[in-house]
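What follows is a short report on a single structure.
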Amino acid sequence: MESRARTVAELVAGRWGDHRPGLWFEERTLTHHETAAGAAARAALLADLLPAGAEPHIGVLLDNTPEYPLWLAAAALAGAAVAGINPTRRGPELARDILHTDCRILLTDSTRLPLLAGLELPGVRVLLTDSQEYDDLLAPYADAHPDASRATPDDRLLLCFTSGSTGAPKAAICSQGRLAAAGHSLVSHFGVRPDDVHYICMPMFHGNAVIADWAPALAAGAGVALRRRFSASGFLADVRRYGATYFTYVGRAVQYILATEERPDDRDNPLRLGFGTEAGAVDAAAFERRYGVRLVEGYGSSEGGAAVQWTPGTPAGAVGPATPGLAILEPDGGKECPAAEFDGAGRLLNGEQSIGELVNRGPNPFEGYWRNPEADAARLRDGAYRTGDLFYRDADGFLYFAGRMDDRLRVDSENLAAAVIENILARYEGADAVAVYAVPDPVTGDQVMAAISGDFDPLDFAEFLVAQPDLGTKMAPGFVRVVERMPVTATNKIHRAKLRKEGFRCADPVWWRPTGEYAYRRLTQADVEGPLAPTRGPACGGVGGEAPTARGAAAQ
């Protein structure tokens, strides 16, 4: 294993002379030495291309091709920073991300070039990594050697954009020292070995793939296998093809893999660990049964202000133990929340009191946002780092994730956490995926709405709700939207902002249970224009079609 380097540049330079296979992509294989040499050549090119006095920032608008990790490594050697550009952004929003991070060079390829058509990007030089011009630019630097001496732990290396669900995305700063430390920590925590192969199928513009997958592989001298874009159907074939032993996931990725056709030889694979967020206890158990692979849920923001790691003895459903400095405070105040109480089946009984915001009152490595002092101030308040995420803790100090602060619902003056309701609804036999969110109500503040993909039957669902002892009286969904496929963001997280915006005025089948009634019935346009008209929610094409028969509605 690599000695404990203080910079990513040292880790990159340490692979010079290592002729083991180190990077796999489709039909291409590079040794560790070749990746270090490629990084050195790009670092030398970058030094000559950056205008004098310019911020040493480069934008990368690419799929997970070898150019992505090569430019991450090159930026480390050059003391520069990479801004990962989200390819799902469009027009002025895309231009804003590139210009806000002061990128003077943008790396992309011919498949992504149409995204830039018509954009005003003054002072930005665009390089196409699949062009002859690019090859010609690199050619004079083919003999460059990696030199880590210019890099320091404080050098910016990543500008990671947040999701931007509450305004323009913010670019969180991650230094070389923090990324190297994160890599070493995960190597130690999971016992990553030089002969491991890390499968990177999550997008590399997101912190998960770089911080939780690429960094520990680099720190351990392990290999990396890249998937251009995530594919549930291609997952197991890739794992076997590359001999992958470790992978990371975010959001719905695990559900998509589980939705593929089951085969009797699914457990015949080299994986030993999956690490990520938001898989949920039900899907994690199903994944281990099917593939023989343990999924470890972790928590850590790209900003670095708080982290929770699984340890042996962590109860099912928990993320890990609270470390010194971590506390759960009431969302609307500074008082600490009481411990969670559970029934004999492990179901949360006092969510209203125990769920609050996770804050870090101790030291933390938060390095701020790029040129956004208002966002910095919002994160650091009253001497504590505010995560913006909801958690609860048990009497033994173990922490449980309960969703984003933005996903809270306030029903009849009671605060509810969407993730807690989702965990209950996920038990419904017909549900492949569930999302819970608020729709406005002029009397109660919010009403609970759920989107469900799978086989939905309104009568079965109503009976299921009655049978759930931990479903509070205000938690039951008033509306159920049946979707063929859950809308997700580019990082495979449920696109809650889209669901909230559309509400119950959408083209998908929606089932409604009026207040005080037991049964769900198909929502009609007459309902929307009549008893539900006062909500005046945003329209998205009206309510689609006539109500079909109850059973099999999801297939309509």
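Listing for the model above:
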quantity: Calculated from backbone phi, Karplus (6.51, -1.76, 1.60) coupling profile of the stretch 497-504 in Hz, x at Gly/Pro; calculated: 4, 5, 5, 5, 4, 7, x, 8
quantity: Packing-based order for 87-100, 68-81, using average beta carbon neighbours within 10 Å, highest first; calculated: 68-81, 87-100
quantity: Evaluated over the stretch 319-407, the Cα radius of gyration and Dmax, each in Å; calculated: 13.9, 50
quantity: Over the stretch 424-500 - Rg/Rh using Cα atoms and the Kirkwood inverse-distance radius; calculated: 0.97
quantity: Per-residue ³J(HN,Hα) for the stretch 337-342, Karplus 6.51 cos²θ - 1.76 cosθ + 1.60, θ = phi - 60°, Hz, x for Gly and Pro; calculated: 7, x, 5, 6, 10, 10
quantity: Sequence-distant lysines (8 or more away, or on other chains) whose Cα lies within less than 29 Å of Lys498; calculated: Lys170, Lys474
quantity: Rg [Å, one decimal], Dmax [Å, integer] - the stretch 8-174, C-alpha atoms; calculated: 15.7, 47
quantity: Neighbour cut-off at most 14 other Cβ (10 Å), DSSP loop, GluC sites (Glu not before Pro), the stretch 377-464; calculated: Glu429
quantity: Shape of the stretch 86-173, Cα gyration tensor, a/c cut at 1.5; calculated: oblate
quantity: Per-peptide average of other Cβ atoms within 10 Å, ordering 294-301, 173-180 highest first; calculated: 173-180, 294-301
quantity: Residues of type aspartates and glutamates that Lys335 reaches as a straight line, Cα spacing below 12 Å, ignoring anything fewer than 8 places off in the same chain; calculated: Glu357
quantity: Sites matching trypsin sites (Lys or Arg not before Pro) across the stretch 463-501 that sit in DSSP coil, with at most 11 neighbouring C-beta atoms within 10 Å; calculated: Arg485
quantity: Least to most buried among Ser413, Ser233, Ser354, Ser188 (fewest other Cβ within 10 Å first); calculated: Ser413, Ser233, Ser188, Ser354
quantity: Bins of 5 Å, starting at 0 and running to the largest distance - Cα pair percent for the stretch 1-69; calculated: 3, 14, 20, 23, 20, 13, 5, 1, 0
quantity: For Leu358, Leu409, order by how many other beta-carbon atoms lie within 10 Å, fewest first; calculated: Leu409, Leu358
quantity: Percent antiparallel among DSSP beta bridges (both partners in the chain, rounded to 5); calculated: 60 percent
quantity: Karplus-derived 3J(HN,Hα), 6.51/-1.76/1.60, for each residue of the stretch 422-434, Hz, glycine and proline x; calculated: 4, 4, 6, 5, 5, 6, 4, 4, x, 8, 8, 8, 9
quantity: Sorted by Cβ density within 10 Å, fewest first, the residues His189, His198, His19; calculated: His19, His189, His198
quantity: Long-range HN-HN contacts of Trp511 with modeled amide H, under 5 Å; calculated: Val480, Arg481, Val482, Leu523
quantity: Highest to lowest packing among 390-402, 44-56, 364-376, scored as the average C-beta count within 10 Å; calculated: 390-402, 364-376, 44-56
quantity: Other-chain or far-sequence residues with amide H under 5 Å of Gln447's (modelled H); calculated: Val439, Asp441
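We did not get these values from a lab; they are worked out from the coordinates using the rules stated. As the structure is a prediction and not an experimental result, all values here were calculated from the model. Cβ coordinates were reconstructed from backbone atoms using ideal geometry, including for glycine residues, and neighbour counts include every protein chain displayed.
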